[in-house]
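Encoded as structure tokens, the structure appears first; notes follow it.
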Amino acid sequence: MNADNIASVRADLLELTPEALTALANAGFVKRAQKDVAAGLLPKLETGADGTVQAQFDDGVRTSLPPGRTLRDAQCSCPASGMCRHRVMLVLAYQALAKAAPTEAGASAASAEASPSEPETAWSPAQFDDAALAASFAPSVLDQAARLAAARPAVGVQAWRSASAPPVARLPMCSVRFFSRSSLVHARCDCKQGGGCAHVVIALWAFRQAGALEPGSAEVMVEVQPAASSEEDAAASPAPSVMQGEAAAALRSGIDALLLSLWLDGSSQPAMALAARLEAVREQARALGWSWVDDALDELWQLLQAQQARSSRFDPLRLLRLTCELWARLRAAAHAARPQQGPARPALPASQILGIGVKGEVALDHLRLVSLGAELWSDETAEGASILFADPDTQNVTVLERQWSRAADAAAGGAAPSLMNRRVAGFPLRQLASGQVITKTATRRANGLVDITAGARQTGVLPLSPKSWDDLVAPLKQGSVAALVAHLREAQPDFVKPRQAASGASAGASGQLHVVAFERMEVASCHWDAAAQVLHARLGQSPATDDENDTSPHENDAPSLLHLALPHRAVTPGAVDALARTLAGEHGALRAVAGTVHLQGDQAIMQPLTLLTEQRAVVLQVETAAPQPLGLQRDIEEVPPLNALAGDTLELLALWLRQGLRHQSGGALSRAQAQVQRLEQAGLGRSAALLEKVLENMRSAQRPALVAQLAMLGLMMQGVGQSGAA
């Protein structure tokens, strides 16, 4: 092999980082190959005139990788039926030889690897032209991509950040990562095909339409145009308004009527009274392809059924937020669909807000999921669980849901198994909830719901370890409380974001799912509020030194503390004790905590699901911990007045939604009038006026206006509840 030409012959192989090889193969093969390279156990390499690299191993195995082929398409004489270590070793050996070659090309490649964050190393998949597309994909794949683009899917594009964080496109059904700036064949899609699919083409078109992106910039949403190959093409084919037409108007009217009926008669009315109307609007939403609207209506029906069944899944505040989201999502989409003045496009396309082009499910390739925790629930007729997973490769959060009927257990005879021993994909629920899953039989929906079917030797489960979350990065994993608070403040409102099952999987909790991990994590305080039946704790960062000038967070430095609040639930009686014992140091020092987080003033409030310590992972809702003595006191930190006022107003609205406006007594109306005065005195004049209008319209002929007024009031109070204490 001529080492002088190695860098110029196969530049695409030099660009594959260990992270890229892990995604294209698997971590085990990469680690073993790295050890062999470090030990100098390299195969003999030969590069043909056409660029084909051949490796001859000491055990007689021969592996060849022609240009324009990815690792899975390489030819290897070993007995492995699929991916093998020899293919990974070929790439690493090629890179090792390039680094050792005393050539200008080799030195340049080594320099690029040594400083991948330099501006000149930034790149975008938009640089691939139509000729590169035609050379890398079959005509049938390009035709399939054109059909997918006809639905104008919304794609989030993330610019290049570093050599280990390549450009990423997040499609409604899958994610695509571009690992090579020289070849499209190394683009990795997490669908079953793994690469070379229509999703890669759609992702490339999205980068073209996004235009110039600054390295490390925030994700940009793009509405992909049919067969778009440039911004000029996109401008030449403006999207028709998705909110125009009789069908769209009828659906909006139907949803408004459904919400008005819910507000007037309450969610306590028999669910069957709303069933026909709700199913009718769901059929209309499916016909129009408004997937996020249909998904919200489905969650609404589930909450109504949970209330009727007295299930632990029901949360009145969650029901209130959902009704506000439904109304606001339709109005936000209508605003985004209005004709834009000038060349500027809306920050969020209406298709993304409504979920147009999002349907069905996609089968996934080799998948690794790490558990972030589980939520258990129970009612009179059934019990179930939601296990929340993170995909370290794509940083996506997925939810695996299961439920079991008590009637079916009774019909089968004998005692029903405990919830922890219920089997999912052939494994006990407890093992999945506290494990890392590696599977080839998973399917995923666009809202993050994942399903894993039982298959012999197709799925494996390893226990969570203290390092299981090390591969997670921002925004899912935050390295400080200040960064978490800043991220939550900048987050888009729920009614414009794609709906995610993880946001509704945590019973009784609102907010976003996050992992928080920082050095020297310590417990600043921990106590039990017996009146509210909530365990409160505050986590901070211990000072590194005893220097008097040390600026590390302390107990009274509230914005730098993470507030944990875990309520007792009958379905998970051991969770509070498990949290208390973990915070007391029973399993060693804390390393990280995962849970749903929301803002209250300047504070981040988390309902924890799982904690990682130096010794083990503690998944709270599946633990069986011995009772732990707790200090008794009320939460000593008072809620800021404005935040408390917003919370009281939301509680009032949730009560109305549950009971129905028709059934409010004179005392309830007097309480509402007093709330109007409190809002005015606090300087929230617009909110006070809205509540006053609601009270006027409750007894008048202007009842249709109630839906908009109540939704606006609910959204404003949610914003005030999360605003800073100042």
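The values are calculated or read from the model by the stated rules, or taken from the named source; none is laboratory data. Here the structure is a predicted model, which means the values were calculated and not measured. Please note: Cβ atoms are built from the backbone with ideal geometry, for glycine as well, and neighbour counts cover all protein chains shown.
Couple of notes before you dig in:
- Lone unmet requirement of (1) out of contact with any strand residue (DSSP E or B) (no Cβ under 9 Å at 6 or more places or on another chain); (2) not β-branched (Val, Ile, Thr); (3) not in a loop (DSSP other than H, G, I, E, B) for residue 699: (3)
- Subset of the stretch 301-340 (residues that are part of a loop (DSSP other than H, G, I, E, B) and not aliphatic (A, V, I, L, M)): 310, 311, 312, 313, 314, 315, 338, 339, 340
- Options 714, 721; residue that is at negative phi and modelled with pLDDT under 90: 721
- Any hit, the stretch 325-347, residues being more than 30 Å from residue 249 (Cβ to Cβ), surrounded by fewer than 19 Cβ atoms within 10 Å (Cβ to Cβ), in contact (Cβ under 8 Å) with a residue 12 or more places away in the chain and not hydrophobic (A, V, I, L, M, F, W, C): no
- Output for the stretch 154-177, where each listed residue is at pLDDT below 90 and either more than 15 Å from residue 210 (Cβ to Cβ) or surrounded by fewer than 24 Cβ atoms within 10 Å (Cβ to Cβ) (or both): 156, 161, 162, 163, 164, 165, 172, 173, 174
- Among the residues listed as 25, 49, 3, the single one being within 40 Å of the chain's Cα centre (by Cα) and modelled with pLDDT under 90: 25
- Qualifying residue in the stretch 145-152 (condition: under 18 Å from the mean Cα position of the chain (by Cα), within 28 Å of residue 242 (Cβ to Cβ) and without any contact (Cβ under 8 Å) to a residue 60 or more places away in the chain): no
- Count of the stretch 477-498 residues, restricted to those that are under 22 Å from residue 318 (Cα atoms), buried (at least 18 other Cβ atoms within 10 Å of the Cβ) and of a type in the set (A, V, I, L, M, F, W, C), is 4.
- Residue match in the stretch 97-108 (condition: surrounded by 18 or more Cβ atoms within 10 Å (Cβ to Cβ), of a type outside the set (Val, Ile, Thr) and assigned to a loop (DSSP other than H, G, I, E, B)): yes
- Residue in the stretch 384-394 that is surrounded by fewer than 22 Cβ atoms within 10 Å (Cβ to Cβ), among the hydrophobic types (A, V, I, L, M, F, W, C) and in contact with a strand residue (DSSP E or B) (Cβ under 8 Å, 6 or more places away or on another chain) present: no
- When 55, 11 are checked against the criterion of being of a type in the set (Gly, Ala, Ser), at pLDDT below 90 and buried (at least 16 other Cβ atoms within 10 Å of the Cβ), 11 stands alone in meeting it.
- Qualifying helices (runs of 4 or more DSSP H) (wholly inside the stretch 114-222; at least 3 residues being over 26 Å from residue 291 (Cβ atoms)): 130-136
- Test: residue in the stretch 685-693 that is without any contact (Cβ under 8 Å) to a residue 40 or more places away in the chain, outside any helix (DSSP H, G or I) and not aromatic (Phe, Trp, Tyr): no
- Residues of the stretch 360-402 satisfying the condition of being over 15 Å from the mean Cα position of the chain (by Cα), β-branched (Val, Ile, Thr) and in a strand (DSSP E or B): 362
- Picking from residues in the stretch 69-96 that are under 20 Å from residue 197 (Cβ atoms) and exposed (fewer than 14 other Cβ atoms within 10 Å of the Cβ), the one that is modelled with the highest pLDDT is 73.
- Check on residue 513, in contact with a strand residue (DSSP E or B) (Cβ under 6 Å, 6 or more places away or on another chain) and surrounded by fewer than 18 Cβ atoms within 10 Å (Cβ to Cβ): no
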